[in-house]
Amino acid sequence: MATKRQSVHGQWSSRWAFVLAATGSAVGLGNIWKFPYIAGENGGGAFVLVYLVCICLIGVPIMMAEIMLGRRGRQNPVMTMETLAKEEGRSTHWRLLGLMGVLAGFFILSYYSVIAGWALSYIFQSASGAFVGSSAETVGKIFGDLVSTPETLLLWHTLFMVMTMLVVARGVRSGLEKAVTWLMPGLFLILVLLVGYAMAEGSFAEGVNFLFSADFSKLNWGSVLIAMGHAFFTLSLGMGAIMIYGSYLPEKVSIAKTSFMVAAADTTVALLAGLAIFPIVFVNDLAPGSGPGLVFQTLPIAFGQMPGGLIVGTLFFVMLVFAAWSSSISLIEPAVTWLVEKKTMTRGKACVVSGIATWLLGIVTVLSFNKWSFEFTFAGHKKTEGLFDMLDILTANIMLPLGGLLIAIFAGWQMAKTSSIDELGMESTDLSYRMWRFLVRYVTPVAVIIIMLKAIGIL
Ligand code: TRP
């Protein structure tokens, strides 16, 4: 009977709606803002290779596991884990995994929204012609002025949080699903356009070389941890976002196929973003490892020089906001559903409560770039944005891999084989099932544990 449960929040209208929503969650600031700058900071090629291996061997199997748990539990991550653990005769402490997820989503959104606010403000900068004909210096000043003014950052952060909560408040079909069906296609078009520009006008060969020629001497275990953490981050794994999206997935849809599609789409966008950005970075003699400002300080220079740059630049930041928007809704959806189901709030009230809490925590990030900024070193890189950098490291490099590890252990070791076969809709003799189970039971947990221990220097 377990598979007949229904979510009180409804269902996606089709499997395409799910693929779009999950891709919308996956494709975000992680692909366009974060991936290029961490690839830059970690030396490029070798880092990209580790990231790709992590997507295939860790990301895809965990995505399948997470969707599977969500669809079987059909509730918020906390209660899904509790229900499934009971059904499998395991400790109900597994609910803590769901709780850690809700918390991680809340932490991530608090800083995600501030960065999305940068993109929002850049729509207006670009549209007003601030970048036209500008040098690296002027663009640098625009960025510097933005991040050094807490009031301005707070304003854009507030606006983005309101946008996010408005969608979430409207629910699964008329909120989340409607938003992603028109946000995603546009984003892809613009990216292709930008890659075209980079090919024509940038140092394209240098960009390709930087992204794809592996120099392992630049790689340490810290960078490997960052690559793995980013695989989790970019696929939205390890905290229940994909689990809650899975809880709205109709029966009979193939979890394996949809997972592959989402991972492939996400990876394509990240690589395209790299191919759009690095050629422009190199042709302007800028440093690829310049940190979180990379996209905000380099692309505008190109927009300022190219014909029609005002329109393309404005569109780019519109699309960046779209990408962030379709991701942010998935970051808070686990918390909202938890408040609705556990605390019996209405969806509207749950949105207000979680939105305000996230907004408040966001102030920490707002101040990290100015009043509260301090330096520390992580994985050999100097970090200058104190608590923002720490929140990012805590979530992406600790909470998400830990969450993913526990999801793999639950799906591979705690759940009966018959349950996973049933929910994945596979046969125990299928090669794909046996591969999935092997990856989830052995490869993923061992890889996550080794990488984490190596990175903190215990192994
Ligand atoms: N994947 C998104 C990005 O790359 C961010 C994101 C959305 C996320 N939901 C998530 C990250 C859940 C971790 C967990 O921008």
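So for the pair V8, V443, with labels modelled 7 Å out along Cα→Cβ, what separation do we get in nm?
3.9
Taking a virtual spin label 7 Å from the Cα of S213 along the C-beta vector, which residues in the stretch 34-62 bring their backbone nitrogen under 15 Å of it?
Label zone hits: 43-47.
Quick check on my link table: of K141/K371; K34/K349; K257/K342, which ones sit more than 27 Å apart, alpha carbon to alpha carbon?
K34/K349; K257/K342
Which residues does the label zone of R15 cover in the stretch 55-72, counting backbone N under 20 Å from a point 7 Å along Cα→Cβ?
Inside the label zone: 60-72.
Full-extension gain between F124 and W182, please, as 0.36 nm times their residue separation minus the C-alpha to C-alpha distance.
The span from F124 to W182 would gain 18.8 nm if fully extended.
Choose one of N397, T418, V340: the residue whose Cα lies farthest towards the positive end of the charge dipole of the stretch 340-430 (beta-carbon charges +1 Lys, Arg; -1 Asp, Glu; about the Cα centre).
With unit charges placed on the Cβ atoms, the residue in question is V340.
So what are the ³J(HN,Hα) numbers for the stretch 350-355, from phi and the Karplus equation (6.51, -1.76, 1.60; θ = phi - 60°), rounded to whole Hz, Gly and Pro as x?
Here the 3J(HN,Hα) series is 4, 5, 4, 4, 6, x Hz.
What is the calculated FRET efficiency for E87 to L57, with r their C-beta to C-beta distance and R₀ = 30 Å, to the nearest 0.05?
Computed FRET efficiency for E87 and L57: 0.55.
Suppose R0 equals 45 Å; then what is the FRET efficiency for D285 and F260 from their Cβ-Cβ distance, rounded to the nearest 0.05?
0.70
Determine the gain in length on full extension of the stretch A205-S148; use 0.36 nm per residue of separation and subtract their C-alpha separation, reporting nm with one decimal.
Taking A205 through S148 to full extension adds about 17.0 nm, to one decimal.
Enter the accessible area per residue of the stretch 15-455 (Å², integer; probe 1.4 Å; all protein chains in place).
Numbers: 15310 Å² over 441 residues.
Counting only protein heavy atoms, the per-residue value for the stretch 15-455 is 35 Å².
By its C-alpha gyration tensor, with a ≥ b ≥ c as the square roots of the eigenvalues, how is the stretch 175-256 shaped: rounded for a/c under 1.5, else prolate for a/b larger than b/c, else oblate?
On the way: a/c = 3.18, a/b = 1.35, b/c = 2.35.
Note, shape of the stretch 175-256 comes out oblate.
Between T268 and N220, what is the label-point separation in nm under the 7 Å Cα-to-beta-carbon projection?
Reported label-point gap for N220 and T268 is 3.7 nm.
If you stretched the chain out fully between R173 and F376, how much longer would it get, using 0.36 nm times the residue separation minus the C-alpha to C-alpha distance?
68.7 nm
Report the Rg/Rh value for the chain, based on alpha-carbon coordinates and the Kirkwood definition of Rh. Present the calculation step by step, with values, prior to reporting the outcome.
Details: Rg = 21.1 Å, Rh = 22.0 Å.
Radius of gyration over Kirkwood radius for the chain works out to 0.96.
Compute the FRET efficiency between T384 and K343 as 1/(1 + (r/R0)^6), taking r as their Cβ-Cβ distance and R0 = 45 Å, and round to the nearest 0.05.
FRET efficiency, T384 to K343: 0.70.
Where the accessible area of the chain is counted over protein heavy atoms with a 1.4 Å probe, how much of it, in %, is carbon and sulfur?
Ligands and nucleic acids excluded, carbon and sulfur reach 67 percent.
Considering only DSSP states other than H, G, I, E and B, which chymotrypsin sites (Phe, Trp or Tyr not before Pro) in the stretch 332-424 qualify as loop sites with at most 14 other Cβ atoms within 10 Å? Provide the component values of the computation, followed by the final result.
Details: sites: W338, W359, F369, W372, F374, F376, F378, F388, F410, W413; in loops: F369, W372, F374.
Here the sparse-neighbourhood loop sites are F374.
Based on Cβ point charges of +1 for Lys and Arg and -1 for Asp and Glu, what charge dipole magnitude is obtained for the chain about its Cα centre, in debye rounded to the nearest 20?
On the way: 29 positive and 25 negative charges, 304 e Å.
It comes to approximately 1460 debye.
As I understand it, the value is the acute angle between the Cα axis of helix 255-283 and the longest principal axis of the Cα atoms of the chain; what does it come to in degrees, rounded to 10?
Approximately 10 degrees, to the nearest ten.
Report, in whole Å, the centroid distance computed from the Cα atoms of the stretch 37-64 and the stretch 212-270.
After rounding, the separation between the Cα centres reads 9 Å.
Using amide H atoms built 1.01 Å from N in the peptide plane, name the residues 5+ places from K383, or on other chains, whose amide H lies under 5 Å from its own.
So K383 has HN proximity to F376, T377, F378.
Enumerate the residues in the stretch 119-133 having an amide nitrogen under 16 Å from the point lying 7 Å beyond the Cα of L193 toward its Cβ.
So the set is 123-124, 126-129.
Trypsin sites (Lys or Arg not before Pro), restricted to the stretch 312-404: which are DSSP loop and have at most 13 other Cβ atoms within 10 Å?
K343, K371
Would you kindly work out the equivalent ellipsoid of the stretch 375-444 from its C-alpha gyration tensor and give its semi-axes, the square roots of five times the eigenvalues, largest first in whole Å?
Over the Cα atoms of the stretch 375-444, the semi-axes work out to 38, 11, 8 Å.
Which of I311, V162, V353 sits closest to the plus end of the dipole of the stretch 15-455, meaning its Cα is farthest towards the positive end, when Lys and Arg get +1 and Asp and Glu get -1 on the C-beta?
Ranked along the dipole, the leading option is V353.
Which order, highest average first, do 194-202, 98-106 follow once you tally other Cβ atoms within 10 Å for each residue and take the mean per peptide?
My ranking of the peptides, most packed first, is 98-106, 194-202.
The values are calculated or read from the model by the stated rules, or taken from the named source; none is laboratory data. From a predicted model like this one, the values you see are computed outputs, not experimental measurements. So basically every Cβ, Gly included, is an ideal-geometry build from the backbone, and we count neighbours across all protein chains shown. For the accessible areas, the whole protein counts, side chains as well, though only heavy atoms, and no ligand, DNA or RNA atoms are used. Shrake-Rupley method; radii C 1.70, N 1.55, O 1.52, S 1.80 Å.
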